């Protein structure tokens, strides 16, 4: 079976969409599914078999991302879709319309994964537009796009409920992105600490992810400041890049927390990131808008206890209460819980092993098998509908 994935974002741009696509691209091959990709070109990326790059221009104010050329994307997707059995759209911009157009022209089933909760994000990027208007516009936009498809994949039950409340009537399938569990379990924490000048005995909390306003990183900085009152050596490592980085660094400087809060930038996922996870004592996360929260599972796979807000998609991961602590949605309470963790290590020692065992139930192998089954079911359904249509016309 051949599937064409189309997206307005992909590596080297690092985020959940890119990670999801790359994870499934490799693991679907084990399920007998060849995944072809049409994605943006960011610079001089090397040619890779099965991946076609399309030129675009930087997004104003966010040079990490690309606005793909409309005609070029449509032409490339239409050509790449030849010989495919299904089209899987990953983003709701130019890729959505190119993928939908090719699918309808070639009479192919078309699915999309709803990765991003735009209703919660837009207010951070258009602060002068009334938030109520932005929310309504985002809901209507999502409803129209989703209802034009044969099905929508959502990474969590919270996202299924949210799209249902928008009036989405197309079938909704809850299917999270899995993680390569083994990759995150063998990091060298001691080497990472030594390379970054962090003493072995210093308590370390870690955040990994996009440095953006919607990630609520300011909440974590305040919580770390509160915890530092009773854990003087505490350091919060922030790994990642994004548009809020400069503003957050200025805030840390103004608070006099430069020794306690350290920005690491982007870390290579093959070695540096697993090493970073291994160097930390606990993973902290305060986003209220995650559609899933893959980094929570990565941290757990590395044997890290997680302290996070059980909001939106993260709730599916945190709800069983395995390997995690879920403080109230208040930076002071969060900081107090963080301090308690470091001051009572023995009481929480079981969380690391518990987290690592739990992460295995979210493996990439398991989720790829489920996705391949969904692809095949969608193709059978489309073929059955075609046969029924032909039979009806003959009568």
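What follows is calculated from the coordinates using simple rules that are stated; it is not laboratory data. All values derive from a computational prediction rather than experimental measurement. Cβ sites come from the backbone with ideal geometry, for glycine too, and all protein chains shown count toward neighbours.
Let me check against my output: what whole-number percent is the relative contact order of the range 43-191, with C-alpha pairs under 8 Å and at least 6 apart?
Worked out over the range 43-191, it gives 15 percent.
Once the Cα atoms of helix 331-343 and of the chain are each reduced to a long axis, what angle between those two axes, in degrees from 0 to 90 to the nearest 10, is obtained?
Approximately 60 degrees, to the nearest 10.
Say each of residue 357 and residue 247 gets a label point 7 Å from the Cα, pointing the same way as Cα to Cβ; how far apart are those two points in nm?
Those two pseudo-labels are separated by 4.3 nm.
Grab the DSSP H runs of the chain that are 4 residues or longer, score each as -39,500 (n - 2.57), total them, divide by all residues and round the 222 nm result to the nearest 500 deg cm²/dmol.
Calculated mean residue ellipticity at 222 nm is -14000 deg cm²/dmol.
Rank these for me by crowding, 246, 150, going from fewest to most other beta carbons within 10 Å.
Numbers: 246 11, 150 18.
Result, fewest neighbours first: 246, 150.
Express in nm, to one decimal, how much length is gained between residue 347 and residue 272 on full extension, taking 0.36 nm for each residue of separation and deducting their alpha carbon distance. Write down the numbers at each step before the final one.
Working: separation 75, 0.36 × 75 = 27.00 nm, distance 2.96 nm.
Contour length minus the Cα-Cα distance gives 24.0 nm.
Taking 8 Å as the Cα distance limit and 6 or more residues as the minimum spacing, I'd like the relative contact order of the chain as a percentage.
Numbers: 731 pairs, mean separation 60.7, N = 395.
Computed over the chain, the figure is 15 percent.
Have a look at the DSSP beta bridges in the chain and tell me what percent are antiparallel, nearest 5. Don't skip to the end; give the middle numbers.
Details: 5 of 44 bridges.
If I count the DSSP bridges inside the chain, around 10 percent turn out antiparallel.
Would you mind computing, in nm to one decimal, how far apart the modelled labels at residue 288 and residue 30 are, each placed 7 Å from Cα along Cα→Cβ?
Each label point lies 7 Å from its Cα, and together they span 3.8 nm.
Using alpha-carbon positions, what is the distance between the centroids of the range 70-103 and the range 278-320, in Å?
Measuring centre to centre over Cα atoms gives 33 Å.
Subtracting the Cα-Cα distance from 0.36 nm times the residue separation, let me have the gained length for residue 69 to residue 191 in nm, one decimal.
Values: separation 122, 0.36 × 122 = 43.92 nm, distance 4.40 nm.
Working it through step by step, the gained length comes to 39.5 nm.
If you take the square roots of the eigenvalues of the alpha-carbon gyration tensor of the range 181-362 and sort them as a ≥ b ≥ c, do you get rounded (a/c under 1.5), prolate (a/b over b/c) or oblate? Provide the component values of the computation, followed by the final result.
Numbers: a/c = 1.22, a/b = 1.15, b/c = 1.07.
Rounded shape, in that the Cα axes give a/c under 1.5.
Return one number: the angle in degrees, 0 to 90 and rounded to the nearest 10, between the long axis of the Cα atoms of helix 217-228 and the longest principal axis of the Cα atoms of the chain.
Taking the Cα atoms of the chain, the angle to 217-228 is about 20 degrees.
What is the fewest-to-most order of 360, 344 by other Cβ atoms lying within 10 Å of their Cβ?
Values: 360 16, 344 10.
Neighbour counts put them in this order, fewest first: 344, 360.
What's the center-to-center distance, using Cα atoms, between the range 169-227 and the range 331-381 in Å?
12 Å
Rounded to the nearest 10 degrees, what's the angle between the helix 350-359 long axis and the longest principal axis of the chain, both from Cα atoms, 0 to 90?
Rounded to the nearest ten degrees, it is 10.
Only Cα pairs under 8 Å and at least 6 apart count here; give the relative contact order of the range 181-362 as a rounded whole percent. Intermediate values should be presented prior to the final figure.
Details: 344 pairs, mean separation 50.0, N = 182.
Taking the mean separation of contacting Cα pairs over the length of the range 181-362, I get 27 percent.
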